[in-house]
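Below: one structure, written as structure tokens.
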Amino acid sequence: MADLKATQMSVKHDWETPRWLLMEVQRWIGGSFDLDAASSADNAVTKVFFTKDDDALSKDWVSEALKVRREQIYKDPIIWCNPPYGRQIGEWVKKAYEVSRAGATVALLIPARTDTRYWHDYAFKASEWLLIKGRLHFKNHGEPSISGAPFPSVVLIFRHRSMHEMPKVYTLKRPPPEKKEKTNDGHAVRHKGA
């Protein structure tokens, strides 16, 4: 598999979200995710999820997420989305906003590309921006990428019951990346950074 290069595009579009970020966003929102809107069977973060074959942009995210929320009908569903970062990303940002207007809280992890049309059309409609300090190290089959993403990242939080004139902006500090050391026999050993 290709690793992220120092370019804006990657051949691979199904990078896994680091677990620490998922936990931090759930803590921030105040609940667990009910639907993963862009995943694969191998990297879904919820029991209910959409894969590439499901064509998530054409689906009703709220009704799918509510299938999980039957016993907690008084709460808005919470949806996670780490979409493919290709040319369709603007459609994903628009969909996240529209889904929030239909009754959900949507957490959307995207590159912080403030020079794009979709950013100016929809990012300012989010209730919060969680800017990630440093570059994310996405995962590939559970293993962190060798290098960080070649772009800064942000989690846009679109909330159903919240419409601010301007988004509230916060910073999430990522934990130190894992360090690799070589043993005497040349094999790599992973250690968490201090």
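The values are calculated or read from the model by the stated rules, or taken from the named source; none is laboratory data. Everything numeric here is computed off the predicted structure, so don't read it as measured data. Cβ: placed from backbone, ideal geometry, glycine included. Neighbour counts: every protein chain shown. What goes into the accessible areas is simple: the full protein's heavy atoms, side chains included, and nothing from ligands, DNA or RNA. Shrake-Rupley method; radii C 1.70, N 1.55, O 1.52, S 1.80 Å.
Of all residues in the stretch 93-110, those that are open to solvent by less than 20 Å² (accessible area, probe 1.4 Å) and either in contact with a helix residue (DSSP H, G or I) (Cβ under 8 Å, 6 or more places away or on another chain) or free of Cβ contacts under 8 Å to residues at least 60 places away in the same chain (or both) total 11. Here W80 fulfils each of the conditions (1) assigned to a helix (DSSP H, G or I); (2) at pLDDT 95 or above apart from (1). Residues of the stretch 86-121 that are among the acidic types (D, E) and more than 22 Å from R135 (Cα to Cα): E91, E98, D121. Residues that are at pLDDT below 95 and crowded, with 17+ Cβ neighbours inside 10 Å occur at least once in the stretch 177-192.
Tell me, please, whether a residue that is under 17 Å from the mean Cα position of the chain (by Cα), within 24 Å of G134 (Cβ to Cβ) and either of a type in the set (A, V, I, L, M) or modelled with pLDDT of 90 or more (or both) can be found in the stretch 45-57.
As a first pass, look at the stretch 45-57 and keep what is under 17 Å from the mean Cα position of the chain (by Cα): 45-52, 56-57.
With the extra rule that they be within 24 Å of G134 (Cβ to Cβ), the set shrinks to 45.
Add one more test, that the residue is either of a type in the set (A, V, I, L, M) or modelled with pLDDT of 90 or more (or both), and what stays is 45.
Checked the stretch 45-57: at least one residue is under 17 Å from the mean Cα position of the chain (by Cα), within 24 Å of G134 (Cβ to Cβ) and either of a type in the set (A, V, I, L, M) or modelled with pLDDT of 90 or more (or both).
Reported count of residues in the stretch 111-134, each being β-branched (V, I, T) and open to solvent by less than 40 Å² (accessible area, probe 1.4 Å), is 2. Out of curiosity, is R159 open to solvent by less than 70 Å² (accessible area, probe 1.4 Å), closer than 22 Å to M23 by Cβ, at pLDDT 85 or above and basic (K, R)? Against the criterion (open to solvent by less than 70 Å² (accessible area, probe 1.4 Å), closer than 22 Å to M23 by Cβ, at pLDDT 85 or above and basic (K, R)), R159 qualifies. Restricting D36, D55 to those that are out of contact with any helix residue (DSSP H, G or I) (no Cβ under 7 Å at 6 or more places or on another chain) and surrounded by fewer than 15 Cβ atoms within 10 Å (Cβ to Cβ) reduces the list to D55.
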